[in-house]
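**Q** My questions all concern the structure below.
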Amino acid sequence: MQSVVSYPERGTGGKNTYRGNFSPKFVEDIIDFFRPDSVGDYTVGSGTTLDVCREKNIPCIGTDLNPAFGGVNLLRDDLPPVNMGGYSKMPTLIILHPPYPQKMVLYSGHQWGKTPHPDDPSHFSNYHDFIKAINRMHYNSFLSLPKGGRLITLVGDAKKNGQLYSMVKDMAFFGTLEQIVIKTQHNCLSNSRQYSGRFIPIVHEYAVIMRKDSSCYETKIIAVSHKVFDSRRYNLSWRQAVRQALRKLGGEAGLPELYSELRGFVTTKKHSDPKAKIRETLQSKPEFYSVSRGLWALQTG
Ligand SMILES: C[S@@+](CC[C@H](N)C(=O)[O-])C[C@H]1O[C@@H](n2cnc3c(N)ncnc32)[C@H](O)[C@@H]1O
């Protein structure tokens with residue numbers, strides 16, 4: 001892989017009729033380069049990532065807001081783990097290919113389903129709301145990663161009424177920036193259009209490769225404001241909160257230690273019996289397992 005990639009031949013996997021789909025060769029390149037033990041794609045669209053991973057025999061979880069791919073909502077839901085055959089854990093490499101800005105391609109009600117879904121940012125006309133939603137999707141994906149994991153986000157730009165809407169410039173990126181790869185675009189609708197006046201056609205996208213180097217609650221966020229983001233102050237789901245705390249405690253912890261660690265989370269403050277809720281979460285989610293009585297661990301592979 002080099003810092004510019006181009007796939008004039010799409011390859012096999014997913015559907016080239018699904019608007020905004022990416023080339024299976026892009027996923028192949030990522031897998032061949034990083035050699036992850038597991039992959040997740042929570043905006044899987046036409047199933048491209050799932051098909052490539054199946055071909056390469058790599059455990060993969062692929063979901064989408066589209067009910068045909070599980071209906072998992074990246075803005076609100078817990079992200080499901082990947083089945084490693086015998087146990088489940090969060091994937092070490094996540095590919096995120098979110099919707100494009102300025103209603104360039106509409107998903108719910110167009111590519112699938114009969115009506116627009118309120119949590120599908122492809123329908124958002126307000127760019128600020130759109131970026132906020134994409135940041136949330138992005139953070140949800142980043143939080144799910146184990147330490148050492150990678151989040152590869154593919155985003156494009158849109159031009160409307162003489163203004164460039166550049167997601168790569170405007171959205172927030174979490175963790176350590178490892179690389180930005182330019183991916184040239186082929187066979188997109190805009191390539192065949194004739195434009196009048198001074199217009200530079202957009203023929204590339206960006207794959208931003210972020211690495212999660214620590215299990216600390218605080219994450220460096222690369223954004224215009226350069227803020228530090230603390231996951232404990234974010235209203236995490238119980239599953240996410242317990243996962244973060246266990247990671248922070250080295251992947252294994254006794255219940256008293258976990259109770260005290262989770263006391264600092266907004267999620268637990270609102271609950272009348274947080275200890276019971278922590279135990280229920282540990283017992284009901286497949287990525288957690290009991291090492292011995294009162295001692296819990298997180299599957300890491
Ligand atoms: C650019 S497409 C992904 C295309 C895919 N890479 C492929 O090759 O087919 C973006 C996807 O995000 C999905 N999506 C939109 N809002 C979502 C949400 N809130 N949660 C999860 N997926 C969502 C859309 O349904 C769409 O399939």
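**Q** Could you give the angle, 0 to 90 degrees to the nearest 10, between helix 274-284's Cα long axis and the longest principal axis of the Cα atoms of the chain?
**A** The angle comes out at about 70 degrees.
**Q** Now for a separate question. Distance check, please: which entries in Lys212/Lys275; Lys212/Lys277; Lys248/Lys275; Lys132/Lys285 exceed 24 angstrom between their Cα atoms?
**A** Numbers: Lys212/Lys275 29 Å; Lys212/Lys277 28 Å; Lys248/Lys275 18 Å; Lys132/Lys285 29 Å.
Pairs exceeding 24 Å: Lys212/Lys275; Lys212/Lys277; Lys132/Lys285.
**Q** Against the longest alpha carbon principal axis of the chain, how many degrees, from 0 to 90 and to the nearest 10, is the axis of helix 24-34 turned?
**A** The angle comes out near 50 degrees.
**Q** On to the next question. First select every other residue whose beta carbon is under 13 angstrom from the beta carbon of Ser290; then total the charges, Lys and Arg +1, Asp and Glu -1. Display every interim value, and only then the final one.
**A** Details: positive: Arg279, Lys285, Arg293; negative: Glu252, Glu287.
Summing Lys and Arg as +1 and Asp and Glu as -1 gives +1.
**Q** At R0 = 41 Å, how high is the FRET efficiency between Ser260 and Leu177 if r is their beta carbon distance? Nearest 0.05 is fine. Intermediate values should be presented prior to the final figure.
**A** On the way: r = 34 Å, r/R0 = 0.82.
Efficiency, rounded to the nearest 0.05: 0.75.
**Q** Relative contact order, percent, of the chain when contacts are C-alpha pairs under 8 Å separated by at least 6 residues?
**A** Values: 557 pairs, mean separation 44.3, N = 301.
After rounding, I find 15 percent.
**Q** Still on this model: Count the net charge of all other residues whose Cβ sits under 12 Å from the Cβ of Ile278, scoring Lys and Arg as +1 and Asp and Glu as -1. Display every interim value, and only then the final one.
**A** Numbers: positive: Arg239, Arg243, Arg263, Lys275, Lys277, Arg279, Lys285; negative: Glu257, Glu261, Asp273, Glu280.
In short, +3.
**Q** Against the longest principal axis of the chain, how steep is helix 127-144, in degrees 0 to 90 to the nearest 10, with axes from Cα atoms?
**A** 40 degrees
**Q** Multiplying the sequence separation of Ser166 and Lys275 by 0.36 nm and subtracting their Cα-Cα distance, what value in nm do you get? Can you show the working numbers first?
**A** Values: separation 109, 0.36 × 109 = 39.24 nm, distance 4.42 nm.
Here the segment from Ser166 to Lys275 would lengthen by 34.8 nm.
**Q** Relative contact order for the range 1-122: what is it in percent, counting Cα pairs under 8 Å that are at least 6 residues apart? Don't skip to the end; give the middle numbers.
**A** Numbers: 191 pairs, mean separation 25.9, N = 122.
It comes to 21 percent, rounded to a whole number.
**Q** Using only Cα atoms, what Kirkwood radius does the chain have, in angstroms? Walk me through the numbers before you get to the answer.
**A** Working: mean 1/r = 0.0495 Å⁻¹.
Every distinct Cα pair counted, the radius reaches 20.2 Å.
**Q** Under a cut-off of 15 Å between alpha-carbon atoms, report the aspartates and glutamates in cross-link reach of Lys269, not counting same-chain residues fewer than 8 places apart.
**A** Partners within reach: Glu261.
**Q** Here's another thing I want to ask about it. Need one number: the % of Cα-Cα pairs in the range 256-301 sitting beyond the 18 Å mark. Write down the numbers at each step before the final one.
**A** Details: 306 of 1035 pairs.
Tail of the P(r) past 18 Å holds 30 percent of the pairs.
**Q** Over the range 4-232, what is the percentage of antiparallel beta bridges among all DSSP beta bridges, to the nearest 5?
**A** Values: 25 of 39 bridges.
Bridges in the range 4-232 are about 65 percent antiparallel.
**Q** For the range 235-298, calculate the relative contact order in percent as a whole number, restricting contacts to Cα pairs under 8 Å that are 6 or more residues apart.
**A** On the way: 65 pairs, mean separation 26.9, N = 64.
Once normalised by length, the contact order is 42 percent.
**Q** Additional query: Could you grab the Rg to Rh ratio for the range 29-181? Cα atoms only, Kirkwood for Rh.
**A** Details: Rg = 15.4 Å, Rh = 16.1 Å.
That ratio equals 0.96.
Laboratory data are not the source of any read-out in this text; all were calculated from the coordinates shown. If you're wondering where the values come from, they're calculated on a predicted model, not measured in any experiment. Glycine also receives a Cβ, built like all others from the backbone with ideal geometry; neighbour counts cover every protein chain displayed.
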